[in-house]
Amino acid sequence: MILQTPRLVLRPWREDDRDALARMCADPEVMWDYDRVSTRIESDARLERYRDAYDRLGFGRMAVIRSSDDLFLGYCGIMPVFEGHPMEPGVEIGWRFNRAQWGHGYASEAARAALKDGFARCGFTEVLSYTSSINKRSEAVMRRIGLKREPTKDYSGLNGESWIVYVARP
């Protein structure tokens, strides 16, 4: 299953995506909201986790490619909330893009396509998105794609960091 927008292709992961994903996840600017960059082993595990979710469930984080030149831009998609997370059970939309691609509207465009597919094809009645309260870029994407802030769902992370929650409904 492939999703297309005017500028983007969201597709399942391929073996030849590993290097591009590893480069992106090794960039400190891209991974600023994690406590560190990802190793190649961690990046490969991420790709396998995303691919496995897609194979099992028919949805997941997908590689985002610019349609004009097949350039790997990042990833976007809907995943089940992982076991033990404060927002469990449910599904969550998320994205991450190469630093050079920030500011072009790719995250919003890809997320809109993923949400549309999630509601239409997958039948979701609610899709969550959450981020650290200091991650203003992700929060701006959440607002741009039409998610609504739900402060009653906010939670604290393991280190006491505040997390804010947005919700999309069909």
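Along the charge dipole of the chain, Cβ charges K/R +1 and D/E -1, which of Val81, His104, Cys122 sits furthest on the positive end?
The one lying farthest along the dipole's positive direction is His104.
Any number yet on Rg/Rh for the chain, C-alpha, Kirkwood? It would help to have the intermediate numbers written out before the result.
Numbers: Rg = 15.1 Å, Rh = 16.2 Å.
Result for the chain is an Rg/Rh of 0.93.
Provide, as a two-decimal number, the C-alpha radius of gyration of the range 19-108 over 2.2 N^0.38 Å, N being how many residues it has.
On the way: Rg = 13.4 Å, N = 90, 2.2 N^0.38 = 12.2 Å.
Ratio of Rg to 2.2 N^0.38 Å for the range 19-108: 1.10.
Can you list the HN-Hα couplings for the range 154-166, worked out from phi with the Karplus curve (6.51, -1.76, 1.60; θ = phi - 60°), rounded to whole Hz and with x for Gly and Pro?
4, 8, 9, x, 4, 8, x, 5, 7, 10, 10, 10, 10
Among residues other than Ile41 whose Cβ falls under 15 Å from its Cβ, what is the net charge (Lys/Arg +1, Asp/Glu -1)?
Numbers: positive: Arg18, Arg23, Arg36, Arg40, Arg46, Arg49; negative: Asp19, Glu42, Asp44, Glu48.
Its environment carries a net charge of +2.
Please arrange Ser156, Ser108 by counting, for each residue, the other beta carbons lying within 10 Å of its beta carbon, fewest first. Don't skip to the answer; put the middle values down first.
On the way: Ser156 10, Ser108 18.
So the ranking, lowest neighbour count to highest, is Ser156, Ser108.
Using modelled amide H (1.01 Å from N, peptide plane; none on Pro or chain starts), what sits under 5 Å from the amide H of Leu8, excluding residues fewer than 5 places away?
Under 5 Å from the amide H of Leu8 lie the amide H atoms of Ser67, each far enough along the sequence or on another chain.
Give the long-range amide H neighbours of Leu73: residues separated by 5 or more places, or on another chain, with amide H under 5 Å away, using H modelled in the peptide plane at 1.01 Å from N.
Val64, Ile65, Arg66
Provide the convex hull volume over Cα atoms per residue for the range 12-60, in Å³. Kindly include the intermediate steps, with their values, before the conclusion.
Values: hull volume 3.7 nm³, N = 49.
Once divided by residue count, the hull of the range 12-60 is 75 Å³.
Where the centroid of each part is defined by its Cα atoms, how far is the range 1-79 from the range 136-157 in Å?
Measuring centre to centre over Cα atoms gives 22 Å.
What net charge do the residues around Phe119 carry, taking every other residue with its C-beta under 10 Å from that of Phe119, with Lys and Arg at +1 and Asp and Glu at -1? Let's see the in-between values first.
Working: positive: Lys116, Arg121, Arg169; negative: Asp117, Glu126.
After counting each charged neighbour, the total is +1.
How large is ³J(HN,Hα), in whole Hz, for each residue of the range 88-103 in order, when computed from phi with the Karplus curve 6.51 cos²θ - 1.76 cosθ + 1.60 and θ = phi - 60°, using x for Gly and Pro?
Karplus values, whole Hz, x for Gly and Pro: 5, x, x, 10, 9, 9, x, 7, 7, 10, 3, 4, 5, 9, 5, x.
What's the magnitude of the charge dipole for the chain around its Cα centre, counting Lys and Arg as +1 and Asp and Glu as -1 at the beta-carbon? Answer in Debye, nearest 20. Numbers along the way, then the final one.
Numbers: 26 positive and 25 negative charges, 125 e Å.
Value, rounded to 20: 600 debye.
If you build a Gaussian network model of the chain, linking Cα atoms that sit under 10 Å apart, which residue out of Arg23, Arg36, Arg61 swings the most?
Its mean-square fluctuation being the largest, the pick is Arg36.
Output ³J(HN,Hα) for the range 134-145: one whole-Hz value per residue in order, computed from phi by the Karplus curve 6.51 cos²θ - 1.76 cosθ + 1.60 with θ = phi - 60°, and x for Gly and Pro.
Once θ is set to phi - 60°, the couplings for the range 134-145 become 9, 8, 5, 5, 5, 4, 5, 4, 4, 5, 4, 8 Hz.
Every number here is computed from the coordinates shown, using simple stated rules; none is lab data. As the structure is a prediction and not an experimental result, all values here were calculated from the model. Cβ: placed from backbone, ideal geometry, glycine included. Neighbour counts: every protein chain shown.
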